[in-house]
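Let me begin by presenting the structure, written as structure tokens, before commenting on it.
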Amino acid sequence: MAYVLGIDVGGTSIKAGLFSDEGQLLAVSKVPTGSLVSEAAFAQVTEGLKKLVHNNGGDPEDVVAVGLDVPGPVDEKGEVGLLPNVMLDPSGLKAALLRAFPEAKLAFVNDANAAALGELWQGTARGAKSMVLVALGTGVGGGIVCDGKLVAGAFGAGGEIGHITVNRDETLVCGCGRCGCLEQYASAKGIVRIYKEECEFENQEPVKLDGPTDTLSVFNAAREGDKAAEAAIAQMTDYLGFALSIISTVIDPELYLIGGGVGEGFDFFADQLRASFHEHCFAPSASARILPASLGNQAAMYGSAYQALQA
């Protein structure tokens, strides 16, 4: 049997999925790592992956592809750029993996792009030729697929839709150093921030929040008629719909998928988001569908495995 490994690289561990070459997820394993910059760390990863394969009846030579998604830019040649949130030596890890799995093709892919590929391969977007995944989490990421192929960009910045400028009058600085980015309004942090500002404007006490990214409490408050929460969500959906309308004038995808932690509230804000998109979009693009993503936090594992198979 031919096996494929899809590896989600994080700051303190990797999460690996073992797949058949047809896309069936067979098993998942988590390997604590720390910094991936030494031969000892690489060996810890490869031994953990070999164990995962062995426990499911395979040998290292049966692995035909290994894909890794990383939290940073990966260009169209598969070269990894700056990785601000993880200590990783890509070339060293690549060499260790190729030694461990000598029959495998290997590919790196950005984590949000990987999630898009995962949804295309085995998720909601299966069968679509063009789609955009919008990952609404602590920040806002994205993955773009055109004619069945990932758009990584010449410099690895393809899909950075969180940094589309949606408000040129904003004075608050985004984490990227610019102002008025979509991420400032549609991320979990952005929604909670706007909610607190609306509470001050309405002269009301905010509901109890479990940290600066607790959008679940904001959505629940809106369901119960909290005016500040309703205003925050209305602002989020307006800016997000506007951003999608901009993307449509360039990419014109048939499908948008909304994922990430904020995406778990999709059922509550879906109608508002679709209305905003239709209000702002170029008329020929109005038929684009906006749906929830389906693979959750396993989407990137699926996508990295798929990218490696394409190699």
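Between K51 and R178, the C-beta separation translates, for a Förster distance of 45 Å, into a calculated FRET efficiency of about 0.50. Quick one: grab the alpha carbon gyration tensor of segment 86-188, order the square roots of its eigenvalues as a ≥ b ≥ c, and give me rounded if a/c is under 1.5, else prolate or oblate depending on whether a/b is larger than b/c. Cα axes put segment 86-188 in the oblate bin.
Take every pair of alpha-carbon atoms less than 8 Å apart whose residues are at least six positions apart; their mean separation over the length of the chain yields a relative contact order of 22 percent.
Let me check against my output: what whole-number percent is the relative contact order of segment 256-297, with C-alpha pairs under 8 Å and at least 6 apart? Please list the in-between numbers first.
On the way: 26 pairs, mean separation 29.4, N = 42.
Computed value for segment 256-297: 70 percent relative contact order.
Going toward the positive end of the dipole of the chain, with +1 on Lys and Arg Cβ and -1 on Asp and Glu Cβ, which of I246, P73, N56 do you reach last? Working it through, the farthest residue towards the positive pole turns out to be N56. Peptides 103-111, 196-204 ranked from most to least packed give 103-111, 196-204, packing being the mean of other C-beta atoms within 10 angstrom over each peptide's residues.
Can you classify segment 204-311 as rounded, prolate or oblate using the Cα gyration tensor, where a ≥ b ≥ c are the square roots of its eigenvalues, rounded means a/c under 1.5, and otherwise it's prolate if a/b beats b/c and oblate if not? Could the numbers behind the result be given before it?
Working: a/c = 2.90, a/b = 1.32, b/c = 2.21.
Here segment 204-311 falls in the oblate category.
Phi angles of segment 247-253 translate, via the Karplus equation with coefficients 6.51, -1.76, 1.60 and θ = phi - 60°, into HN-Hα couplings of 4, 5, 6, 9, 9, 6, x Hz per residue; Gly and Pro are given as x.
Near the amide H of A293, within less than 5 Å, lie the amide hydrogens of I258, G259, all on another chain or at least 5 residues away, with H placed in the peptide plane. Calculated from the structure, P(r) over Cα pairs in 20 Å bins from 0, in percent equals which of (1) 31, 59, 10, 0; (2) 28, 51, 19, 2; (3) 33, 53, 14, 0? Checking each listed value against the structure points to (3).
Magnitude of the Cβ-charge dipole of segment 214-300, K/R +1 and D/E -1, about the Cα centre, nearest 20 debye?
On the way: 4 positive and 11 negative charges, 27 e Å.
Magnitude of the dipole: close to 120 debye.
Considering only DSSP states other than H, G, I, E and B, which trypsin sites (Lys or Arg not before Pro) in segment 197-293 qualify as loop sites with at most 13 other Cβ atoms within 10 Å? Don't skip to the end; give the middle numbers.
Numbers: sites: K208, R223, K227, R274, R289; in loops: K208.
When the trypsin sites (Lys or Arg not before Pro) of segment 197-293 are filtered for loop state and at most 13 Cβ neighbours within 10 Å, K208 remain.
Annotation: amide H of G72 within the under-5 Å range of D111, sequence separation 5 or more or interchain, hydrogens built in the peptide plane.
Hey, what angle do you get for helix 266-280 against the long axis of the chain, alpha-carbon based, 0 to 90 degrees rounded to 10? For 266-280 against the chain, the angle is about 70 degrees. Spacing of the modelled spin labels on Q204 and N220, each 7 Å from Cα toward Cβ, amounts to 1.6 nm. Loop-located GluC sites (Glu not before Pro) across segment 1-50 with a Cβ neighbour count of 12 or fewer within 10 Å are E22, with loop assigned by DSSP. With protein chains left intact and a 1.4 Å probe, residues in the chain average 45 Å² of accessible area per residue.
Taking A114, A232, A275 in turn, the Gaussian network model of the chain (Cα-Cα springs below 10 Å) assigns the largest fluctuation to A275. Segment 228-306 and segment 1-51 have their alpha-carbon centroids 31 Å apart.
With a sphere of radius 13 Å drawn around the Cβ of E200, what net charge do the other residues whose Cβ falls strictly inside it have (Lys, Arg +1; Asp, Glu -1)? Walk me through the numbers before you get to the answer.
Details: positive: R193, K196, K227; negative: E197, E198, E202, E205.
That sum, taken over residues with Cβ under 13 Å, equals -1.
Taking a ≥ b ≥ c as the square roots of the eigenvalues of the Cα gyration tensor, segment 1-69 is prolate, since a/c reaches 1.5 or more and a/b is larger than b/c. Counted over segment 35-119, the DSSP beta bridges are approximately 10% antiparallel.
Return the whole-Å distance between the Cα centroid of segment 69-119 and the Cα centroid of segment 200-225. Segment 69-119 and segment 200-225 have Cα centres separated by 38 Å. Using C-alpha pairs below 8 Å separated by at least 6 residues, the relative contact order for segment 187-271 is 32 percent.
Ignoring any ligand, DNA or RNA, what whole percent of the accessible area of segment 13-164 comes from carbon and sulfur when the probe is 1.4 angstrom?
Numbers: 3270 of 6520 Å².
Accessible surface attributable to carbon and sulfur in segment 13-164 totals 50 percent.
When +1 charges are put on Lys and Arg Cβ atoms and -1 charges on Asp and Glu Cβ atoms, the dipole computed for segment 163-212 relative to its Cα centre reaches about 260 debye.
The values are calculated or read from the model by the stated rules, or taken from the named source; none is laboratory data. All values reported here derive from a predicted model rather than from experimental measurement. For neighbour counting, all protein chains shown are included, and Cβ atoms are generated from backbone atoms with ideal geometry for every residue, glycine included. Remember, those area values only see protein heavy atoms, side chains included, never the ligands or the DNA or RNA. Shrake-Rupley method; radii C 1.70, N 1.55, O 1.52, S 1.80 Å.
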